[in-house]
Amino acid sequence: MKRKTTMLTAFAVVAAFALPSWAQVKQFPTETITIAGTIESIDYNRRAMNVKTADGKMVAVNVPESVQRFSEFKVGNNLQATYNNNVLVRLKPPGEPPVDTIDEAYSKEQTSGTKVMVRRMTASIVAIDKGASSATFEAPNGWKYSRRVVDPTVFDKVKVGDKVDIIWNTDLTVSVK
């Protein structure tokens, strides 16, 4: 399982770095979220379920198509889901056309699966908050995304209205314990 996850993550990283001018790319810190708990409800048609964590919180989980035995998941099963989100941002040169692409890869195990997705989208910087060290982006479809920026010198190189390509390398692993 770890070998397949490593291979899928490597695929996603290679795809994300296949950019015309990658020297201008800025990587944000990876966000990793792991939840563990008991399945409380399942919607097999939507491949979705609610998981109750040890602290009593309910978390919605969408299960990737790569989990082959999803139909065997039952209310009461113990589940673990790990989501890694790697984000790269590249300042877009004036006149370069916008992009919106998705590449996906899957690994399949009996009671687990990993889905890796690389998404590249052009967005505009709509807000910069130097005090909170964050930036907010918006894409043409009304989608908004805010993220903390670790390196404050980035704010000296960009302004509200600049176009950027945002590249996500995400992977989700779901397994029943």
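The values are calculated or read from the model by the stated rules, or taken from the named source; none is laboratory data. Because the structure is predicted, anything quoted here is derived from the model rather than measured. Neighbour counts run over all protein chains shown; Cβ positions are idealised from the backbone, glycine included.
Remarks
- Flag not set for Gln80, criterion: surrounded by 13 or more Cβ atoms within 10 Å (Cβ to Cβ), part of a loop (DSSP other than H, G, I, E, B), under 23 Å from the mean Cα position of the chain (by Cα) and polar (S, T, N, Q).
- Filtered residues of region 57-77 (kept if loosely packed, with under 15 Cβ neighbours inside 10 Å, more than 30 Å from Gln27 (Cα to Cα) and either modelled with pLDDT under 85 or not small (Gly, Ala, Ser) (or both)): Lys57, Met58, Gln68, Arg69, Glu72, Lys74, Val75
- Scope region 126-149; condition part of a strand (DSSP E or B), at pLDDT 85 or above and not hydroxyl-bearing (Ser, Thr, Tyr); matching residues: Val126, Ala127, Ile128, Asp129, Ala135, Phe137, Glu138, Lys144
- Of note, Asp165 satisfies the criterion of being of a type outside the set (Gly, Ala, Ser), in contact with a Pro (Cβ under 9 Å, 6 or more places away or on another chain) and either assigned to a strand (DSSP E or B) or over 24 Å from Ala60 (Cα atoms) (or both).
- Exactly one residue out of Thr101, Thr53, Thr136, Thr114 is more than 30 Å from Lys159 (Cα to Cα) and out of contact with any Gly (no Cβ under 8 Å at 6 or more places or on another chain): that is Thr114.
- When Glu31, Glu104, Glu96, Glu40 are checked against the criterion of being within 30 Å of Lys163 (Cβ to Cβ), among the charged types (D, E, K, R) and at pLDDT 90 or above, a single residue qualifies: Glu96.
- Applying the criterion of being in contact with a Ser or Thr (Cβ under 7 Å, 6 or more places away or on another chain) and surrounded by fewer than 18 Cβ atoms within 10 Å (Cβ to Cβ) to the residues of region 107-118, the residue that is modelled with the highest pLDDT is Lys108.
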